[in-house]
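Structure, as structure tokens:
The values are calculated or read from the model by the stated rules, or taken from the named source; none is laboratory data. All values reported here derive from a predicted model rather than from experimental measurement. In this analysis, Cβ positions are derived from the backbone assuming ideal geometry, glycine residues included, and neighbour counts consider all displayed protein chains.
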Ligand SMILES: NC(=O)c1ccc[n+]([C@@H]2O[C@H](COP(=O)([O-])OP(=O)(O)OC[C@H]3O[C@@H](n4cnc5c(N)ncnc54)[C@H](OP(=O)(O)O)[C@@H]3O)[C@@H](O)[C@H]2O)c1
């Protein structure tokens, strides 16, 4: 079907996506190009083959420009953001090493907001995290986690959860700086993101699942985790960018599962892998899922892909990219027997 480019929401608009080669940002670039936008994607090294997938996206040849930029180099960000109607600030270290995490996350975010103000961008959409929302030991187990919740910084520090600490401080800095500079900021707080990889490498959240398929995890933990599909996360960012009335934070989540549920789903879909069947904790009662609300995002028209689909798509993608062995095909087994 022939698409009338001029009728697409992004037609004639240029936006910047920071950390364009990453798991979530690659999907944003893909959906933005499909939506008719011209995209300036920042990467630390445009020549690195790990960013090659971006150039293969539909529309990339005509409307994607990769710009070299580092979060701690304000001039490089300025150059990338100049001439853009909006910025999707997604680049961030994803690590629990305090040295590597906190400064680029926090100062990088400030640098992006300053550059967006100078470029007179209409809106900045910042990728925060459930890590900036959820880590509060004093919240009642029955409380519904929503956009009003903030992680407890002291608790993050004491538990050495430097990723959540860095994301919470970076998001707070984004709000403070945007206010000071008069920049229109909207924040998306995704939970753990799964789904098909566009990039050739494996990012941190995908390891969460990979370890249950390779035999490296012999047991599963007695804990719960909320999940969301990567396409939905990218879509949510674009939705809040394109909706003028969108404001504040948006929790982006599909459902919470116990690890026991995750391994059960994986084993049913993919019985060929050594998925663990035992919980590492045989003493404490099974951890209960927490309640959360994504009403704010749903009110904008967002619908979420199911977590089962999300797990299925993740494994299929890992197989397709050669990160997991494919199950033996019927023909192969015949050959082995003969
Ligand atoms: N995946 C999840 O489950 C999840 C959940 C909630 C929130 N988030 C947030 O979503 C964002 C993207 O995460 P992801 O899962 O897509 O991770 P990812 O694949 O590791 O992507 C992170 C990106 O940030 C870039 N980056 C890191 N440090 C940088 C620096 N100093 N200067 C410039 N770029 C830098 C990386 O570039 P290089 O390729 O050059 O290293 C990479 O492109 C992050 O803000 C993360 O906190 C992720």
Hey, residue 200 modelled with pLDDT of 95 or more, more than 23 Å from residue 150 (Cα to Cα) and touching a helix residue (DSSP H, G or I) at 6+ places or on another chain (Cβ under 8 Å) or not:
yes
Scan region 141-153 for residues that are closer than 17 Å to residue 256 by Cα and surrounded by fewer than 15 Cβ atoms within 10 Å (Cβ to Cβ) and report the count.
4
Of the residues in region 257-274, how many are touching a residue at least 40 places away in the same chain (Cβ under 8 Å) and under 22 Å from residue 191 (Cβ atoms)?
7
Restricting attention to region 246-256, does a residue exist that is surrounded by fewer than 18 Cβ atoms within 10 Å (Cβ to Cβ), at negative phi and out of contact with any strand residue (DSSP E or B) (no Cβ under 8 Å at 6 or more places or on another chain)?
no
Quick one: which of 115, 119 is surrounded by 24 or more Cβ atoms within 10 Å (Cβ to Cβ) and in contact with a helix residue (DSSP H, G or I) (Cβ under 6 Å, 6 or more places away or on another chain)?
115
Going through region 288-314 in order, the residues found to be out of contact with any helix residue (DSSP H, G or I) (no Cβ under 7 Å at 6 or more places or on another chain) and buried (at least 18 other Cβ atoms within 10 Å of the Cβ) are 292, 294, 296, 307, 310, 313
Taking region 27-56 and keeping residues touching a helix residue (DSSP H, G or I) at 6+ places or on another chain (Cβ under 6 Å) and over 26 Å from residue 109 (Cβ atoms) leaves 36
Consider only pairs whose beta carbons are under 9 Å apart and that are at least six residues apart or on different chains; among these, list those whose first residue lies in region 187-200 and is over 17 Å from residue 308 (Cα atoms) and whose second residue is part of a loop (DSSP other than H, G, I, E, B) and within 8 Å of the ligand (Cβ to nearest atom).
187/128; 188/128; 189/128; 189/129; 190/128; 190/129; 199/21; 199/22
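Residue-wise test of (1) farther than 17 Å from residue 229 by Cα; (2) at pLDDT below 95.
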position: 265; (1), (2): no, no
position: 279; (1), (2): yes, no
position: 285; (1), (2): yes, no
position: 297; (1), (2): no, no
position: 319; (1), (2): yes, no
position: 324; (1), (2): yes, yes
position: 331; (1), (2): yes, yes
Looking at region 26-56, which of the residues that are surrounded by fewer than 21 Cβ atoms within 10 Å (Cβ to Cβ) and in a loop (DSSP other than H, G, I, E, B) is nearest to the ligand (Cβ to nearest atom)?
44
For region 1-25 the number of residues that are in contact with a helix residue (DSSP H, G or I) (Cβ under 6 Å, 6 or more places away or on another chain), over 21 Å from residue 117 (Cα atoms) and within 16 Å of the ligand (Cβ to nearest atom) is 2
Given the criteria in contact with a helix residue (DSSP H, G or I) (Cβ under 7 Å, 6 or more places away or on another chain) and away from the ligand (no atom under 13 Å from the Cβ), does residue 143 qualify?
no
Hey, does region 238-250 have a residue that's farther than 30 Å from residue 14 by Cβ and more than 20 Å from the chain's Cα centre (by Cα)?
no
May I ask you to list the residues in region 76-100 that are more than 14 Å from residue 110 (Cα to Cα) and in contact (Cβ under 8 Å) with a residue 24 or more places away in the chain?
80, 82, 83, 84, 85, 86, 93, 94, 95, 96, 97, 98
So which residues in region 146-176 are in contact with a strand residue (DSSP E or B) (Cβ under 8 Å, 6 or more places away or on another chain) and either away from the ligand (no atom under 12 Å from the Cβ) or outside any helix (DSSP H, G or I) (or both), if there are any at all?
146, 147, 175
Which condition breaks for residue 173 when tested against (1) buried (at least 21 other Cβ atoms within 10 Å of the Cβ); (2) over 17 Å from residue 292 (Cβ atoms); (3) touching a residue at least 40 places away in the same chain (Cβ under 8 Å)?
(1)
